[in-house]
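Q: I have a structure here, written as structure tokens, and I will follow up with some questions on it.
The values are calculated or read from the model by the stated rules, or taken from the named source; none is laboratory data. Keep in mind that this is a model prediction, so the values were computed, not measured. No Cβ is skipped: glycine too gets one built from the backbone with ideal geometry, and neighbour counts run over all protein chains shown. Only protein heavy atoms, including side chains, enter the accessible area calculation; ligands, DNA and RNA are left aside. Shrake-Rupley method; radii C 1.70, N 1.55, O 1.52, S 1.80 Å.
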Protein chains: 2
Amino acid sequence: MNSQGVHSSDNSTAAENQQERLIKIGWITGFVDGEGCFSINFIRQPDRANRKGYRTGVQVAHEFAVAQGARSVECLYMLMKFFGVGAVYLNRRYDNHKEHMYRYCVRRRSDLIQTIIPFFNQYPLRTSKQGDFLKFEECLRFIETDSHLTPKGLIEIVEVAENMNHCRPRTELLRILRDYTPNADVSSVKI
Amino acid sequence: MNSQGVHSSDNSTAAENQQERLIKIGWITGFVDGEGCFSINFIRQPDRANRKGYRTGVQVAHEFAVAQGARSVECLYMLMKFFGVGAVYLNRRYDNHKEHMYRYCVRRRSDLIQTIIPFFNQYPLRTSKQGDFLKFEECLRFIETDSHLTPKGLIEIVEVAENMNHCRPRTELLRILRDYTPNADVSSVKI
């Protein structure tokens, strides 16, 4: 093959690779529109209120997750390889389901802020899940500045996170936080 | 703007359009991997056995469908516009769900064979749903040659369609078809 042939072949390979890359990016947004979940959860940790992350007695958990049955687990490993963050976990099933479930999860704050959120800003979702993503991003922006360590900041996060993923309003948690006094026992907070 | 500028601008617009098109194609495959369904169903029509399509007393129904809640219905119209076939239907909900459901459906045989199947052959699914798609295509190939109008052909279709979409085996239907005699009463076939 002459040098021109090599050059032309390299060019067409590069074009094919670029085409495959764009289709894969599109596939990821479509698959996440269907199967992905951006969630903010609030976990009572009253016994750990003396530690930095739990001063309000409530831990804020953030997660981007995609679940699939065992037969499609390769797709989750593909997501993990593509993003370079997160991990695939097995949720065993012993009921009448025919296969175990797997979840690709990204929970680390820096991975969400530096990798996951920028990707979905560049390549937006097309379903109503885009609304959940925007709320998720807003919560992470609050958390990035440690706002969640004060009751006032935590209330703002709870208010943004309300109604994400068809959740019920967090009325009881908001009531407790608004009545918050430091060192109060929040072990009975139902959230 | 000089002609070179216009030319360059046209080129970059064309490149952007091509990029958007590939991302949209990828999105469709990812979304269908998550939310789509290729199904073959068998419907008793013993009273119509004198009509061409129902000679075995069983009608074969084929459908490609994608369902979404009302808030994401625009995605379904986007699919309809992209493929240029099928329609979006409303499934009203009056239980405790928060929104009505919509379904984008393609049922016409020629639309499936000429539009939907070639698309997913060119841009394959990545989950185990690809297995369902391949069985769906195989069934349509049988139907294309009118094999489904004879008990022998219909048995082959039922055997291929078995285990699609986690379905139960069609044991009872297969037993009836294997024992088939023309004009026998199949009104009690439980399928």
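Q: Considering segment B:9-40 alone, what residues qualify as being open to solvent by less than 70 Å² (accessible area, probe 1.4 Å) and more than 7 Å from chain A (Cβ to nearest Cβ)? Outline the logic, then answer.
A: Just the residues of segment B:9-40 that are open to solvent by less than 70 Å² (accessible area, probe 1.4 Å), to begin with: B:9, B:12-15, B:22-40.
The answer is B:Ser9, B:Ser12, B:Thr13, B:Ala14, B:Ala15, B:Val32, B:Gly36, B:Cys37, B:Phe38, B:Ser39, B:Ile40.
Q: Looking at the structure I just gave you, is A:Lys135 open to solvent by 40 Å² or more (accessible area, probe 1.4 Å) and either under 30 Å from B:Met78 (Cα atoms) or assigned to a strand (DSSP E or B) (or both)?
A: It is true that A:Lys135 is open to solvent by 40 Å² or more (accessible area, probe 1.4 Å) and either under 30 Å from B:Met78 (Cα atoms) or assigned to a strand (DSSP E or B) (or both).
Q: Which one is least open to solvent (accessible area, probe 1.4 Å), of the residues in segment B:44-74 that are of a type in the set (Gly, Ala, Ser) and at pLDDT below 90?
A: Pass one, segment B:44-74, residues of a type in the set (Gly, Ala, Ser): B:49, B:53, B:57, B:61, B:65, B:67, B:69-70, B:72.
Filter once more, so that each one left must be at pLDDT below 90: B:49, B:53, B:57.
On the way: B:Ala49: 41, B:Gly53: 32, B:Gly57: 2 Å².
My answer is B:Gly57.
Q: Continuing with the same structure: If you take the residues in segment A:154-179 that are free of Cβ contacts under 8 Å to residues at least 24 places away in the same chain, under 22 Å from A:Phe64 (Cβ atoms) and part of a helix (DSSP H, G or I), which one is least open to solvent (accessible area, probe 1.4 Å)?
A: Restricting to residues being free of Cβ contacts under 8 Å to residues at least 24 places away in the same chain, under 22 Å from A:Phe64 (Cβ atoms) and part of a helix (DSSP H, G or I), the top hit is A:Glu156.
Q: Oh, and also: Is it the case that some residue within segment A:75-89 is aromatic (Phe, Trp, Tyr), touching a helix residue (DSSP H, G or I) at 6+ places or on another chain (Cβ under 8 Å) and at pLDDT 90 or above? Steps first, please.
A: Filtering segment A:75-89 down to residues aromatic (Phe, Trp, Tyr) leaves A:77, A:82-83, A:89.
Next, only the ones that are touching a helix residue (DSSP H, G or I) at 6+ places or on another chain (Cβ under 8 Å) stay: A:82-83.
Keeping just the survivors that are at pLDDT 90 or above gives A:82-83.
Checked segment A:75-89: at least one residue is aromatic (Phe, Trp, Tyr), touching a helix residue (DSSP H, G or I) at 6+ places or on another chain (Cβ under 8 Å) and at pLDDT 90 or above.
Q: Sticking with this structure for a sec: Are any residues in segment A:93-132 part of a helix (DSSP H, G or I) and either open to solvent by 90 Å² or more (accessible area, probe 1.4 Å) or of a type in the set (D, E, K, R) (or both), and if so, which ones? Lay out the reasoning, then the answer.
A: Quick first cut of segment A:93-132, residues part of a helix (DSSP H, G or I) only: A:109-122, A:129-132.
Passing the criteria: A:Arg109, A:Asp111, A:Gln114, A:Gln122, A:Lys129, A:Asp132.
Q: Also, quick follow-up: Determine if segment A:145-153 includes at least one residue that is buried (at least 17 other Cβ atoms within 10 Å of the Cβ) and modelled with pLDDT of 90 or more.
A: no
Q: Can you find, within segment B:54-87, the residue that is nearest to the other protein chains (Cβ to nearest Cβ) among those that are touching a Leu at 6+ places or on another chain (Cβ under 9 Å), touching a residue at least 60 places away in the same chain (Cβ under 8 Å) and more than 18 Å from B:Ile113 (Cα to Cα)?
A: B:Val58
Q: Follow-up. Looking at B:Tyr89, is it hydroxyl-bearing (Ser, Thr, Tyr) and assigned to a strand (DSSP E or B)? Steps first, please.
A: Values: hydroxyl-bearing (Ser, Thr, Tyr): yes; assigned to a strand (DSSP E or B): yes.
Spelling it out, B:Tyr89 is indeed hydroxyl-bearing (Ser, Thr, Tyr) and assigned to a strand (DSSP E or B).
Q: Hey, can you tell me all the residues within segment B:86-117 that are within 17 Å of B:Phe38 (Cα to Cα) and basic (Lys, Arg)?
A: Narrowing segment B:86-117 to residues within 17 Å of B:Phe38 (Cα to Cα): B:86-89, B:102-117.
Result: B:Arg103, B:Arg107, B:Arg108, B:Arg109.
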